[in-house]
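Inspection log for the structure reproduced underneath, given as structure tokens.
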Amino acid sequence: MDSHSQVLERLRTGFRSGITLPLEFRRTQLTKLLALVKDNEEQIVKALHQDLAKPKFESILSEVEIVTNDLHHAISNVATWIQPEYVPKNLATKLDDCFVRREPLGVVLIIGPWNYPLQLLILPLVGAIAAGNCAVIKPSEVSSATDCLVAELIPKYLSQDCYAVVRGGAEETKALLQNRFDHIFYTGSQAVARSVVQAASVHLTPVTLELGGKCPCFIYGRINIQAAAHRLVWAKYFNAGQSCVAPDYVLCTKATRDALVPALTTVLEEFYGKEPQKSPDLSRIVSARHFTRLMKLLEKTKGKVVIGGQSDEHDKYIAPTVLVDVEEDDVLMGEEIFGPILPILTVEELEKSIELVNRKEKPLALYVFSDESSVVKTTMENTSSGGFCSNDGIVHMTLPGLPFGGVGASGWGSYHGRWGFETFSHRRACMLRGWALERLNGLRYPPYSDDKLKWLRWTTSANSTCSLM
Amino acid sequence: DWMERQLLQQAKEAFVSGRARPLEFRLQQLHALQRMIMEKETEISTALKQDISRSQYDTPLLELISIENEIKLAIEKLAQWAAPRPVEKNLFTISDEVYIQPEPLGVVLIIGAWNYPWALTLIPLVGAIAAGNAAVVKPSELSKCSSLLLHALLPCYLDKDLYPVVTGGVSETQQLLRLRFDHIFYTGGSTAGKLVMEAAARHLTPVTLELGGKSPCYIDKDCDVRTACRRVTWGKFVNCGQTCIAPDYILCEPCIQGQVVEFIRETLLEFYGADPKCSPDYGRIINQEHFNRIMSLMEGYTPVVGGQSDSSQWYIAPTVLKDVPPHSRLMQEEIFGPLLPIVTVSDMEDAINFINEREKPLALYIFCSDQKAIKRMIEETTSGGVTVNDVMMHYTVSSLPFGGVGQSGMGRYHGKHTFDQLSHQRACLIRSLKMERVNLARYPPQDRRRARRVRMALRSPLIDTSKRTLIWAVVATILGIGLFITLLVILLIAAGLNCTCWYWRGFYN
């Protein structure tokens, strides 16, 4: 097993050799990555099931499909993305070539989390490869089966001179971060993110942080409660609530709550049957530690359980649970839940709900369910969040045209599709001038005069569209 | 500590009140800033003369014109920049609204530098205002007069609560960095840049760092060396070399080194006269500390041009040194002064290796007439920006992103880039609760048929815009039209028993 510095040396040499720059290389590597996912779909599903009891459907949809889509998107578009971008000029530079070149940064580090262990590791990698970088990939040790699988498959498909997988726990990650990278892409928790940025600041390494937060879900105004309940349940209990963009808690009026709870009960039964533990479509909690954390929350909460509440420690199973009468200062409102527990807070006015949300940290996603567009508009305009989705949950991150990222405590930077490519690129401003018009240049040389100044003001104005030219 | 906290609290409250959000307000503030620059040009010039001996012409040239242009551009384009930006959809979202909405971040901290005290604080401020943020402005204490003037002027023109100015030195900056901002925009040196990022880590605040480095300047032996030297001389000695994108050192082949020195000497004579100390257009070093630092870099070397200095005025003559060894102190740190070392390299390849062995610079300058060679040099190196056959000019085009890479910085600004850098690009998907039947495929309990339907609906892109499809579409259209015409002809012939051409052929004999 190579040490970190050996791995980095190898990758740096690989990068310096220029092998990652040509379009063909990037496309080939992306195509190989696509083959990796397609050829090993069964093993991937199996590993995910081992780690999180992830149902096959969820694995295909949220890990295989989303990665495949992004890879197709990158393979078709990378040729366009790497083209120099010509920009508008002012009069003084009208005869010059002004363009922006996208250049790779070098050797980047991608640290993945355990909840979508394949997607959240490979999607950044797609951007890194498309941008022409070399990459060190560090999967999460908590999702150990996927960790193992990734470490085995990546060297088989991708160039070993340019991409390496490094495994290990918290200690190894800390040691890895001591090294110098050209960009660090971290998905995970805020606490660890702080130490990542601190380690990065020593080398002035730029970072992208995909963190989490409590994603609020507003339900106000006129509403088709059945449809809303379907989408809410799907988004909340997907992966047993262990999604960074899962609706964390609901805010609604008392009347809405009274209509919502029975709707939720019906939908939950529709989805998972009368005994959710027996349903093949529900995931489990990833580890004993997280199971205990969630059980403690259920113990300490002052809210009332109206649906679910059952659990099985041996199976790491927690039933899809809904609580009402949860207040703002409840223990469930203190941290990101990241589990199949849905508190409903009763707030009569939309404005007060918005104020409540604005008192908290900016979340990664914000959801509004309403048939009234004014409710949607008001909520959107008076809050801030990484992403916003009305009348649905999670799906906004499946569109490669939309940047996926947080703001404030929920993160820094974005990716998906072209955004991933841009994240891992340096936009280099290039201006190619000629030798002629040295006389025009004379305007800026000393000895200075008032006249020169007047001309200069005119030629450098951004709007100077001279009819002579 | 208390004062900085108060000012931040006030700015935050003002931001939360929502008054910085409407476009009319932002435009009004930008107009006010524009008026400030125009009305107070004389005062600003005077302050700069006192701070750094900036000549009366250098001020508008180097600072005010670019600030004015940035403001004008922001005013003109604000509505466009702030509008929602639609993006492509997939089959699943075909009837939804999908767009990116730029939103303000909150309260931005702008830390300026002393070498261009006005441009480096106000240009970020223009972007901050345009993006709808509040901003705490902290000009550098080393440019004392400018700092005090800004502190006096800004509240007279702009909203007092939203855009406070904090003056002071290192300790005030440290106090500010302990507080929580929504973005920190820092211009300065790499060492301090690391401390800023470390402080920002505590609150997970994103940063933009505009740092420096040694910007190399390669002069090819087969180019117009005289013009090259004129341009380099201008860029190097303007503001007395205290520019983050000044050509730091020259790389050239030994055969033209002598020429380069002579042309520079000629140009210096033309620009500043025989005694630059007496020229009103030549600046001074900012303070004693930097004067000493720069003088010590020269220790042990005999310059071929200049070398004189006057400690009482913090004056250092425009100085050129040749045959400088790569490991000398002069080549270890950013000079940021009027010393121009020439390092010889055997050819362009050697120059490329020299550049790549060192940290990524903020700017790279290439003087060369061979297009292929220029392309090669750009492709085999990296830097914040590049200007070919001139120096610093890429800074003046606001549509080009200005920023560093690696040790020279992170993030970019100017024009729309500042607006984007200081905004949050919020991904928005507006769906309706109708058409729930379409959604059923993604709900459990799951089976193969449902799964297939969902996979198809999520496929993206919706329309394949690759070249192959385009060619296929064109060919298919041509074939289609051809077939259609053939069909028409056949029909006409079939129905054309009474057609005149048949008559003339004597069919109707």
- Task: Tell me which residues, restricted to segment B:213-229, are farther than 13 Å from residue B:340 by Cα and of a type in the set (D, E, K, R).
- Result: B:220, B:221, B:222, B:224, B:226
- With the first residue restricted to segment A:49-75 and required to be closer than 21 Å to residue A:291 by Cβ and facing chain B (nearest Cβ under 8 Å), and the second required to be surrounded by fewer than 22 Cβ atoms within 10 Å (Cβ to Cβ) and among the acidic types (Asp, Glu), Cβ contacts under 7 Å at 6 or more apart or on different chains are A:55/A:281
- Note on the structure: Exactly one of B:111, B:100, B:123 is farther than 23 Å from residue B:67 by Cα and of a type in the set (Val, Ile, Thr), and that residue is B:100
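Conditions (1) modelled with pLDDT under 95; (2) at negative phi, marked per residue:
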position	(1), (2)
B:210	no, yes
B:219	no, yes
B:222	yes, yes
B:240	yes, no
B:247	no, yes
B:251	no, yes
B:255	no, yes
B:265	no, yes
- Query: When you look at residue A:405, is it farther than 30 Å from residue A:98 by Cα, in contact (Cβ under 8 Å) with a residue 40 or more places away in the chain and either facing chain B (nearest Cβ under 9 Å) or in contact with an Asp or Glu (Cβ under 7 Å, 6 or more places away or on another chain) (or both), yes or no?
  - Reply: yes
- Message: Against the condition among the aromatic types (Phe, Trp, Tyr), within 11 Å of chain B (Cβ to nearest Cβ) and buried (at least 20 other Cβ atoms within 10 Å of the Cβ), how does residue A:237 come out, does it pass?
- Response: yes
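The rows are residues; the columns are (1) in contact with a helix residue (DSSP H, G or I) (Cβ under 6 Å, 6 or more places away or on another chain); (2) modelled with pLDDT under 95; (3) not in a loop (DSSP other than H, G, I, E, B).
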| residue | (1), (2), (3) |
| --- | --- |
| B:418 | yes, no, yes |
| B:456 | no, yes, yes |
| B:464 | no, yes, no |
| B:490 | no, yes, yes |
| B:494 | no, yes, yes |
| B:503 | no, yes, yes |
- Task: Evaluate segment B:296-303: report whether one residue or more is crowded, with 19+ Cβ neighbours inside 10 Å, within 29 Å of residue A:204 (Cβ to Cβ) and outside the structural domain of residue B:114 (by the TED database).
- Result: yes
- Looking at residue A:289, is it of a type in the set (D, E, K, R), part of a loop (DSSP other than H, G, I, E, B) and more than 8 Å from chain B (Cβ to nearest Cβ)? no
- Within the group B:291, B:354, which residue is of a type in the set (Phe, Trp, Tyr) and under 18 Å from residue B:251 (Cα atoms)? B:354
- Item | Residues of segment A:358-376 classified as facing chain B (nearest Cβ under 9 Å), surrounded by fewer than 22 Cβ atoms within 10 Å (Cβ to Cβ) and not in a loop (DSSP other than H, G, I, E, B), total | 2
- Wholly inside segment B:96-156, strands (runs of 3 or more DSSP E) that include 2 or more residues that are buried (at least 24 other Cβ atoms within 10 Å of the Cβ) and over 19 Å from the mean Cα position of the chain (by Cα) are B:134-138
- Task: Being part of a loop (DSSP other than H, G, I, E, B) and within 14 Å of chain B (Cβ to nearest Cβ) is the filter here, so list the residues in segment A:154-197 that pass it.
- Result: A:180, A:181, A:182, A:188, A:189
- Message: Just checking, does segment B:90-101 include any residue being within 13 Å of chain A (Cβ to nearest Cβ) and aromatic (Phe, Trp, Tyr)?
- Response: yes
- Item | Tabulated pairs, segment B:157-181, first assigned by the TED database to the domain that holds residue B:117, second in a loop (DSSP other than H, G, I, E, B) and among the aliphatic types (A, V, I, L, M), C-beta under 9 angstrom, 6+ apart or interchain | B:159/B:20; B:162/B:20; B:169/B:142; B:172/B:166; B:173/B:166; B:175/B:166; B:176/B:166; B:181/B:105
- Item | residue A:202 being facing chain B (nearest Cβ under 8 Å), surrounded by fewer than 21 Cβ atoms within 10 Å (Cβ to Cβ) and assigned to a helix (DSSP H, G or I) | yes
- Tell me, yes or no, whether segment A:378-399 has at least one residue that is at the interface with another protein chain (Cβ under 9 Å from one of its Cβ atoms), among the hydroxyl-bearing types (Ser, Thr, Tyr), in a helix (DSSP H, G or I) and loosely packed, with under 15 Cβ neighbours inside 10 Å. no
- Take residue B:408 and decide whether it is surrounded by 22 or more Cβ atoms within 10 Å (Cβ to Cβ), modelled with pLDDT under 95 and at the interface with chain A (Cβ under 10 Å from one of its Cβ atoms). no
- Task: Output the residue which, of all residues in segment B:247-272 that are touching an Asp or Glu at 6+ places or on another chain (Cβ under 9 Å) and within 14 Å of chain A (Cβ to nearest Cβ), is farthest from residue B:226 (Cα to Cα).
- Result: B:272
- Does residue B:373 fit the bill of being facing another protein chain (nearest Cβ under 7 Å) and outside any loop (DSSP other than H, G, I, E, B)? no
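A quick yes/no check of all residues on (1) among the hydrophobic types (A, V, I, L, M, F, W, C); (2) buried (at least 22 other Cβ atoms within 10 Å of the Cβ):
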position	(1), (2)
B:286	yes, yes
B:305	yes, no
B:319	no, yes
B:326	no, no
B:337	no, yes
B:347	no, no
B:353	no, no
B:361	no, yes
- Message: Going by what's in this entry, would residue B:271 be described as closer than 30 Å to residue B:360 by Cβ and in contact (Cβ under 8 Å) with a residue 12 or more places away in the chain?
- Response: no
- closer than 22 Å to residue A:363 by Cα and outside any loop (DSSP other than H, G, I, E, B), is that true of residue A:298? no
- Task: Among the residues of segment A:178-203, write down those that are aliphatic (A, V, I, L, M) and within 21 Å of residue A:127 (Cα to Cα).
- Result: A:184, A:193, A:196, A:197, A:200
- Candidates B:118, B:81 - the one that is among the aromatic types (Phe, Trp, Tyr) and farther than 23 Å from residue A:89 by Cα: B:118
- Message: Of the residues A:122, A:137, only one is at pLDDT 95 or above, closer than 17 Å to residue A:67 by Cβ, in contact with a strand residue (DSSP E or B) (Cβ under 7 Å, 6 or more places away or on another chain) and away from chain B (no Cβ under 14 Å); which?
- Response: A:137
- Message: Among the listed residues A:327, A:351, A:335, identify the single one that is exposed (fewer than 13 other Cβ atoms within 10 Å of the Cβ), in the same structural domain as residue A:258 (by the TED database) and closer than 29 Å to residue B:105 by Cα.
- Response: A:351
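The values are calculated or read from the model by the stated rules, or taken from the named source; none is laboratory data. Quick caveat, the model's predicted, so the values are computed rather than measured. Glycine also receives a Cβ, built like all others from the backbone with ideal geometry; neighbour counts cover every protein chain displayed.
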